[in-house]
Amino acid sequence: MILKSVEKTRRETLAMAAIAGLAAILAPRLSLADEQAVAAEIKKLYGDKKFESGKIKLDVPEIAENGLVVPVNVDIESPMTDADYVKSVHVFAEGNPLPAVVSYRFTPACGKASASTRMRLAETQNIVCIAEMSNGKLHMAKANVKVTIGGCGG
Amino acid sequence: MISRRDFLQATAAASALTIGSGLGPLGRAAAQQRLTQADILRFDPLGTVTILYVADTHAQLMPLHFREPSVNLGVGEVKGMPPHLTDVEFRNYFKIAAGSADAFALTADDFVALAKNYGRMGGMDRVATLIGAVRAERGDDKVLLLDGGDSWQGSWTSLQTKAQDMVDVMSALKLDAMVGHWEFTYGAERVKQIADSAPFAFLAQNIRDNEWQEPVFEARKMFERGGATIAVIGQALPRTAVANPRWMFPNWEFGIREEDIQKQVDEARAAGASIVVLLSHNGFDVDRKLASRVKGLDVILTAHTHDAMPGLIKVGNTVLVATGSHGKFVSRLDIEVKDKKVADIRFKLMPVFSDAIKPDAAMTALVEKVRAPFAGDLAREIGKTDSLLYRRGNFNGTFDDLICNAMMSERDAEIVLSPGFRWGGTLIPGDAITWEQITNATAITYPNCYRNQMTGTQIKEVLEDVADNIFHPDPYFQGGGDMVRMGGMGYAIDISKPMGSRISEMTHLKSGKPIEASKTYTVSGWASINENTQGPPIWDVVAAHVAKVSTVKIEPNTAVKVTGS
């Protein structure tokens with residue numbers, strides 16, 4: 001798990017991507033995670049708390065162009081004031097050896113709660129994003145990314 | 001915007017030109033063997049703007065036969081909807097008489113008999129005549145000419161000249177803008193070189209540098225025609241990096257980028273556009289979904305899936321045009337603008353019947369000039385065919401059977417795979433098979449015919465993956481193209497099942513035994529998207545086979561059992 005305060009430069013984001021990719025590369029022999037493994041990770045963080053939908057814009061491609069570097073962009077709807085802001089965002093991949101891909105921490109000073117990175121995906125799978133708000137509320141979003149062998153286009 | 005009633009009247013009026021009382025002017029003329037250029041061009045003009053649209057010409061400069069599919073299945077919400085209609089269902093939907101010129105141009109059954117009546121279609125000199133006639137009628141200042149892409153690839157001359165023949169021809173047609181897909185298989189550098197120097201715009205809002213997300217091409221161009229401002233937004237095939245070799249454009253990233261299209265539309269409106277057009281290589285089903293989600297598009301000019309439809313399909317306030325492929329059709333859209341908005345649209349899919357249209361002399365000369373250096377090769381007769389050889393169909397085509405047979409014998413393989421490309425001309429029984437015919441079905445920049453070992457499991461994975469690319473119920477997860485063609489192996493497919501469980505009953509045809517998951521088979525194929533694929537170019541493999549058999553005869557293919565449609 002990578003914990004990091006979000007800075008707004010692109011260079012930082014790319015550095016993040018490199019680290020996130022490394023996590024997957026270092027663990028090639030582990031068996032693939034699944035829905036339960038992601039649920040277990042989330043339980044470790046938040047116990048049995050309830051999740052709401054909405055607020056999270058999880059932007060991943062429907063079909064990965066390169067499974068080694070799949071772009072993921074998260075954007076959480078929030079005024080980002082001292083009274084109401086996004087505290088942290090976690091991204092999980094159900095089909096990767098280590099389910100936890102990346103975690104971000106935000107402060108009101110960030111101005112907005114959005115981040116981009118690239119992750120390595122071994123196969124078609126769901127990406128899960130959860131956001132923890134300063135008032136304790138939790139949000140969840142899920143998206144499927146197809147990893148294909150490609151070819152044979154019309 | 002036009003009401004549903006107006007729209008129906010608009011299409012009815014346009015349709016009346018080709019449909020009439022079931023056997024319209026074209027049909028009657030054809031029945032009397034008097035199909036004329038005037039019949040094809042006849043159009044009740046509307047408003048002050050005309051858009052002419054061609055797509056998927058696949059570098060076909062000369063008239064040819066191209067048989068439309070007899071199997072074109074839709075899944076999910078679009079099951080049984082156009083363009084997923086063939087033969088009698090297609091004719092009933094669009095009110096086309098069996099045996100008519102339109103039936104020949106748009107459907108597949110009775111193709112051989114009708115081909116003898118109606119002759120070839122397309123040819124850039126005929127296309128030039130139609131475009132010239134519309135420009136003369138409307139005035140150059142009212143006409144916009146657009147190309148939906150896949151115009152630079154699909155012939156020996158385009159391959160040998162790295163698309164220069166098509167760039168010269170499209171420039172001579174005074175093309176205003178185009179978008180791309182197969183164009184990118186000439187490599188990033190060549191495409192940028194043409195885009196930067198050609199007299200037409202090369203538009204693609206959805207291609208970005210994959211490091212900095214900067215746009216690679218111009219996203220949109222504004223044109224003034226007939227006193228109206230028209231915004232044209234380009235959309236390249238979103239799946240190019242998956243469907244074709246990514247190593248040829250390693251720094252480019254594609255995708256649908258719906259929100260960015262919306263931004264382009266909004267910016268175009270803010271900049272004064274009265275008409276907003278998406279020039280799209282998404283494929284029809286993707287565009288139909290996109291039209292329901294992006295607001296403010298007046299027209300989507302569709303391409304990629306090679307559908308030809310003699311009527312507009314309307315989604316909300318957006319009309320979709322499907323103009324066919326291989327130069328068989330030129331679409332004409334007349335648009336009336338009132339108060340800076342589209343008030344009415346009238347449409348006709350003009351069929352390019354080569355025998356009925358007087359070739360444009362200047363274009364005939366240009367086509368001859370670009371073909372001259374290769375004329376000897378193109379005309380070289382390798383053999384002849386006793387069978388109808390065609391490409392289109394979701395699961396097989398007889399031209400693909402020929403390619404598979406060639407790989408089986410020339411590469412000594414147990415099982416062969418041939419890509420489900422939708423381009424390549426059709427040959428009718430008795431036709432000579434020339435070098436031009438072979439390369440019209442094979443001319444790509446990654447032609448190597450590989451030979452290697454694959455397990456039964458790996459073969460199944462390929463079939464499942466490709467099937468999902470065609471039959472995923474959500475069009476945004478589809479990539480276009482047809483099912484990979486198999487030689488030496490049969491299988492059953494249930495297209496309604498999810499990925500991983502569509503394919504069953506894989507059978508080795510020669511032995512009649514089931515394909516074993518762990519057993520290794522010698523497999524040959526071509527058009528691999530992997531870099532440094534080894535093997536002879538596929539056109540040499542096919543030519544060697546045709547030369548040996550001399551007269552090609554394709555047996556009916558019953559190796560694929562389809563359910564769930």
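Derivation of every value follows stated rules applied to the coordinates shown; laboratory data play no part. Quick caveat, the model's predicted, so the values are computed rather than measured. Glycine also receives a Cβ, built like all others from the backbone with ideal geometry; neighbour counts cover every protein chain displayed.
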*Along the range A:54-70, what does the Karplus equation 6.51 cos²θ - 1.76 cosθ + 1.60 (θ = phi - 60°) give for ³J(HN,Hα), rounded to whole Hz, x for Gly and Pro?*
x, 6, 9, 9, 9, 10, 10, x, 5, 10, 6, 7, 8, x, 6, 9, 8
*Within 10 Å of each residue's Cβ, count the other Cβ atoms and sort B:Ser524, B:Ser501 from fewest upward.*
B:Ser501, B:Ser524
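Going by C-beta contacts inside 10 Å, put B:Asp196, B:Asp56 in order with the fewest on the left. Don't jump to the answer; show the numbers that get you there.
Values: B:Asp196 9, B:Asp56 30.
Fewest-to-most Cβ neighbours within 10 Å comes out as B:Asp196, B:Asp56.
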*Mean separation of Cα pairs under 8 Å and 6+ residues apart, divided by the residue count of chain B: what relative contact order is that in percent?*
17
*Mind checking the full-extension length gain between B:Glu77 and B:Asp209? Use 0.36 nm per residue of separation minus the Cα-Cα distance, one decimal, nm.*
44.1 nm
*asked:* With θ taken as phi - 60° and the coefficients 6.51, -1.76 and 1.60, list the Karplus ³J(HN,Hα) couplings across the range B:552-565 in order, rounded to whole Hz; mark glycine and proline as x.
replied: 7, 9, 9, 6, x, 9, 10, 7, 10, 9, 10, 9, x, 9
*Give the relative contact order (percent, whole number) for the range B:380-563; include only Cα pairs under 8 Å separated by 6+ residues.*
35
*Pair B:Trp247, B:Arg380: separation of 7 Å Cα→Cβ label points (nm)*: 2.8
*Collect residues whose amide H, placed 1.01 Å from N in the peptide plane, falls under 5 Å from the amide H of B:Asp431; neighbours closer than 5 in sequence don't count.*
B:Thr385
*Note down the nm distance, to one decimal, between modelled labels 7 Å out along Cα→Cβ at A:Lys43 and at B:Asp110.*
6.7
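Once the Cβ-Cβ distance between B:Ala517 and B:Asn452 is put in as r, and R0 is 30 Å, what FRET efficiency do you end up with, to the nearest 0.05?
Values: r = 18 Å, r/R0 = 0.59.
After rounding to 0.05, the efficiency reads 0.95.
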_Unsatisfied cross-links (Cα-Cα over 29 Å) in the set B:Lys314/B:Lys338; B:Lys192/B:Lys221; B:Lys162/B:Lys348_ = B:Lys162/B:Lys348
*State the Cα centre-to-centre distance between the range B:57-83 and the range B:297-316 in whole Å.*
13
*Residue-by-residue Karplus 3J(HN,Hα) for the range B:216-232, coefficients 6.51, -1.76, 1.60, Hz, glycine and proline x*: 8, 10, 4, 7, 8, 9, 9, 10, 9, 9, x, x, 10, 9, 10, 9, 10
*Efficiency of FRET between B:Val88 and B:Lys561 - r from beta-carbon atoms, R0 22 angstrom, step 0.05*: 0.45
_For B:Thr305, residues with placed amide H under 5 Å, excluding near neighbours_ = B:Gly283, B:Phe284
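For n ≥ 4 DSSP H runs only, could you compute -39500 (n - 2.57) per run for the protein assembly as shown, divide by its residues and tell me the 222 nm figure to the nearest 500?
That calculation yields -8000 deg cm²/dmol at 222 nm.
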*Going down the list A:Lys57/B:Lys263; B:Lys328/B:Lys497; A:Lys87/B:Lys263; B:Lys295/B:Lys341, which pairs span over 25 Å between their C-alpha atoms?*
B:Lys328/B:Lys497; A:Lys87/B:Lys263
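Rounded to a whole number, what is D in µm²/s for the protein assembly as shown from Stokes-Einstein with the Kirkwood radius over alpha-carbon pairs (20 °C, 1.002 mPa s)?
Once the numbers are plugged in, D ends up at 80 µm²/s.
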*Quick one: grab Rg to one decimal and Dmax as a whole number for chain B, Cα atoms only, in Å.*
22.6, 71
*Taking amide H positions as placed 1.01 Å from N in the peptide plane, with prolines and chain starts having none, which residues 5 or more places from A:Gly95, or on another chain, fall under 5 Å of its amide H?*
A:Asn126
_Length released on extending from B:Ala98 to B:Ser409, taking residue separation times 0.36 nm less the Cα-Cα span_ = 108.0 nm
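Pulled fully out, how much extra length does the chain show between B:Lys295 and B:Ser197, if you take 0.36 nm times their separation in residues and subtract their Cα-Cα distance?
Values: separation 98, 0.36 × 98 = 35.28 nm, distance 3.31 nm.
Length difference between fully extended and current span is 32.0 nm.
Determine, for B:Arg422, B:Arg380, B:Arg288, B:Arg371, the number of other Cβ atoms within 10 Å of each Cβ, and report the residues in order from fewest to most. Walk me through the numbers before you get to the answer.
Values: B:Arg422 25, B:Arg380 13, B:Arg288 22, B:Arg371 19.
So the ranking, lowest neighbour count to highest, is B:Arg380, B:Arg371, B:Arg288, B:Arg422.
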_Just to be sure I understand: of the beta bridges DSSP finds with both ends in chain B, what percent are antiparallel, rounded to 5?_
60
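Calculate the all-directions average of the projected area of the range A:106-154's alpha-carbon convex hull, and give it in nm². The partial results should precede the final answer.
Working: hull surface 21.7 nm².
That works out to 5.4 nm².
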